[in-house]
1. Check residue 55 against each of (1) more than 17 Å from residue 72 (Cα to Cα); (2) in contact with a helix residue (DSSP H, G or I) (Cβ under 7 Å, 6 or more places away or on another chain); (3) in a strand (DSSP E or B) and name the one condition it does not meet.
2. Of the residues in segment 25-45, how many are buried (at least 23 other Cβ atoms within 10 Å of the Cβ) and assigned to a helix (DSSP H, G or I)?
3. Sort out which residues of segment 144-160 are modelled with pLDDT of 85 or more and assigned to a loop (DSSP other than H, G, I, E, B), and write them in order of number.
4. Please work out which residue is modelled with the lowest pLDDT, limiting yourself to segment 60-95 and to residues that are loosely packed, with under 14 Cβ neighbours inside 10 Å and assigned to a loop (DSSP other than H, G, I, E, B).
5. In the set 149, 121, which member is outside the structural domain of residue 61 (by TED's automatic domain parsing) and within 19 Å of residue 26 (Cβ to Cβ)?
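The values are calculated or read from the model by the stated rules, or taken from the named source; none is laboratory data. Note that the coordinates shown come from a computational prediction; the quantities given were computed from them, not determined experimentally. A quick note on method: Cβ atoms are made from the backbone with ideal geometry, for glycine too, and the neighbour counts reach across all protein chains shown.
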């Protein structure tokens, strides 16, 4: 099994590409070892000293470190990923599901058409680019011209995430939707 790695804009996060499907539907963002019981793969990764976050995407895994250096952590992480996939164990524990993307959404009924366009732009233009950097972005709400988005994976806590939100995503949404004034992270 050959696992590729890619740097992300977040220096504390590295993207691992195992060359196979990780999450067939949705994503899973685990920010601490207590949440890892949802995934045998995440449990293996959190067992590596220095791992503080695991994000499972469609065909990639991003790992966030809290300590240590990548040259020391990377071999143990690669080993944990390889062991998991070679064992045939499932990515998700029995009864666990991917994160729900429309949970807790808020917007006024009269903004439904605008929200539909925002979601379409997120799905077709923004999420693929963010996934390329080892993360994900989901719609959370729209109120008074402000779009609320949740950043996950390598994008969560990334030093460049504010620039991505304010300059990239905000400008794109404003271009297509004059009703959008601002974009905020939640």
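1. Checking residue 55 against (1) more than 17 Å from residue 72 (Cα to Cα); (2) in contact with a helix residue (DSSP H, G or I) (Cβ under 7 Å, 6 or more places away or on another chain); (3) in a strand (DSSP E or B), the one that fails is (2).
2. Residues that pass the stated criteria total 3.
3. Narrowing segment 144-160 to residues modelled with pLDDT of 85 or more: 144-149.
Of everything in segment 144-160, those that are modelled with pLDDT of 85 or more and assigned to a loop (DSSP other than H, G, I, E, B) turn out to be 144, 145.
4. Taking segment 60-95 as the starting set, the residues that turn out to be loosely packed, with under 14 Cβ neighbours inside 10 Å are 66-67, 69, 71-72, 75, 79, 83, 86-88, 90, 94-95.
Those left that are additionally assigned to a loop (DSSP other than H, G, I, E, B): 66-67, 69, 88, 90, 94-95.
Details: 66: 91, 67: 83, 69: 93, 88: 91, 90: 91, 94: 78, 95: 71.
Top of the filtered list is 95.
5. Working: 121 fails: within 19 Å of residue 26 (Cβ to Cβ).
Among 149, 121, only 149 is outside the structural domain of residue 61 (by TED's automatic domain parsing) and within 19 Å of residue 26 (Cβ to Cβ).
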